[in-house]
Amino acid sequence: MNTIAQFVDKHGDEVAVHTYEHVYLCFFTLVIAVGIAVPLGVVLAHCRRRSLVALVMMAASVVQTIPGLALIALIVVLCALAGWPTIGAFPAMIALVLYALLPILRNTYTGLRQINPTVIEVARGMGMRPRQVLFQVELPLSLPVIMAGIRTATVWTIGIATLCALIGAGGLGDLIMRGLRSIQIDYLLAGTIPAAILAVVADWTLGQIEQWLAPQTRSRKSISES
């Protein structure tokens, strides 16, 4: 207990600041990724040109196969060529957004495509307009699958964000890099433990939301309340 108290007393403030930076970076990364991937997934799910769908999915998959550190370095080079900032949160967010796109995009597309066409036809037969069908039928039914993609992207983003400390983006990676450079175990623990806790908590929380959004779970809840 004394060791833990000493550790908290020595690194508590640093851990709090870097954890805030890490959460800030990951949160806005995921907001941007969801804002891009979900609408794009909706467009692809309703696109009749299968070749275009395959091309977009292949492009997202190619980005996913690039190692995290290599992708960050590539983004820094591209930002330098474009005259944009090469250090800080800006290039880090670009790299993290690109890395987070695939699971959200793929799950959005899959969730919408797996809806029974009869359900959509019934909705249209009831006089619903295309926008109403999308927002009142298709998206609610595919929401659990979309959440599963967001859950995967969140865990990946929290992990890869630690590498962004190499380009001055802050976060818990700063503590990890400091520990690696100086071979100090306390700094390594101060960075790795909070990062692991963040990933576990985020995965569990989004998993609970995913289960709650599942149709069978919601139907059982409705039956129990009635």
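The values are calculated or read from the model by the stated rules, or taken from the named source; none is laboratory data. All values reported here derive from a predicted model rather than from experimental measurement. Cβ atoms come from the backbone with ideal geometry, glycine included; neighbour counts cover every protein chain shown.
Some observations on this one:
- Boolean, L143 is closer than 19 Å to V43 by Cβ, of a type in the set (A, V, I, L, M) and surrounded by fewer than 20 Cβ atoms within 10 Å (Cβ to Cβ): yes
- Test: residue in region 52-75 that is within 23 Å of L166 (Cβ to Cβ), small (G, A, S), within 17 Å of the chain's Cα centre (by Cα) and crowded, with 17+ Cβ neighbours inside 10 Å: yes
- Boolean, G171 is touching a residue at least 60 places away in the same chain (Cβ under 8 Å), small (G, A, S) and in contact with an Asp or Glu (Cβ under 8 Å, 6 or more places away or on another chain): yes
- If you go through region 22-44 and keep only what is of a type outside the set (V, I, T) and within 15 Å of P103 (Cα to Cα), you end up with L30, A33, G35, A37, P39, L40, G41, L44.
- Residue-level check: of (1) within 29 Å of I167 (Cβ to Cβ); (2) touching a residue at least 24 places away in the same chain (Cβ under 8 Å), A82 misses just (2).
- Qualifying positions in region 108-135 - farther than 16 Å from P39 by Cβ, assigned to a helix (DSSP H, G or I) and of a type in the set (K, R): R124
- Within region 23-43, being surrounded by 16 or more Cβ atoms within 10 Å (Cβ to Cβ) and over 13 Å from the mean Cα position of the chain (by Cα) holds for L40, G41, V42.
- Inside region 160-177, residues that are assigned to a helix (DSSP H, G or I) and surrounded by fewer than 17 Cβ atoms within 10 Å (Cβ to Cβ) make up a count of 1.
- T19 falls short on exactly one of the conditions (1) farther than 25 Å from I94 by Cα; (2) among the β-branched types (V, I, T); (3) in contact (Cβ under 8 Å) with a residue 40 or more places away in the chain, and that condition is (1).
- Pick from region 182-226, criterion among the acidic types (D, E) and either touching a strand residue (DSSP E or B) at 6+ places or on another chain (Cβ under 7 Å) or modelled with pLDDT of 65 or more (or both), ranking: nearest to E14 (Cα to Cα): D186
- Residue check for E138: assigned to a helix (DSSP H, G or I) and in contact with a Leu (Cβ under 7 Å, 6 or more places away or on another chain): yes
- Comparison of I150, I160 shows that the only residue that is within 22 Å of Y109 (Cα to Cα), within 18 Å of the chain's Cα centre (by Cα) and touching a residue at least 24 places away in the same chain (Cβ under 8 Å) is I150.
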